[in-house]
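Shown next, in structure tokens, is the structure this report addresses.
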Amino acid sequence: MSNGAGKFFGGLMVGTVIGAAVGILFAPRSGKETRQVLKRSAQDLPQLAEELGSNVQYQADRFTEKAQRTIDEALVRLQDAIATGQEASRKLQEELALSMGSSANSSLMEGDRDVADEDEE
């Protein structure tokens with residue numbers, strides 16, 4: 001469940017408690033009976049709070065696990081992207097070195113031809 005579901009269940013629990021309290025207060029019972037019902041409800045509050053706390057803890061744990069998985073997946077994708085970028089950079093450097101080497105060799109060969117032409121004259 002998502003964080004929104006945790007809020008929903010928390011609101012549901014609080015709404016249930018408030019609804020029960022309002023229902024008890026407006027129920028057609030005698031004061032003694034109403035006090036007994038309120039006493040029982042008050043005794044149930046710690047259990048209700050414990051259940052609510054457990055639910056919130058469960059939702060927080062699930063959210064944490066999901067966030068950790070998302071972070072791990074993003075890290076793997078980032079590492080792959082970095083490796084791909086490094087490989088592309090290495091290939092471009094090699095191509096540039098080859099291209100510059102070819103240019104240098106061409107220039108040297110042209111220079112050698114010029115020197116040979118001068119020697120022939």
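Derivation of every value follows stated rules applied to the coordinates shown; laboratory data play no part. Since this is a predicted model, take the numbers as computed values, not measurements. Note that each Cβ is placed from the backbone with ideal geometry, even for glycine, and that neighbours are counted across all protein chains shown.
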- Query: In whole Hz, what ³J(HN,Hα) sequence does the stretch 80-93 give by Karplus (6.51, -1.76, 1.60; θ = phi - 60°), x for Gly and Pro?
  - Reply: 5, 5, 5, 4, 5, x, 5, 5, 4, 5, 4, 5, 5, 5
- For the stretch 61-78, Karplus-derived ³J(HN,Hα) couplings (6.51, -1.76, 1.60; θ = phi - 60°; whole Hz; x for glycine and proline) come out as 4, 5, 4, 4, 4, 5, 4, 5, 4, 5, 5, 4, 5, 5, 5, 5, 5, 5
- Message: Let's test the formula: R0 of 22 Å, r as the Cβ-Cβ distance of Ala67 and Met13. What FRET efficiency results, to the nearest 0.05?
- Response: 0.35
- Item | Rounded to whole Hz, the Karplus (6.51, -1.76, 1.60) HN-Hα couplings of the stretch 44-57, x for glycine and proline | 7, 4, x, 5, 4, 5, 5, 5, 5, x, 5, 5, 5, 5
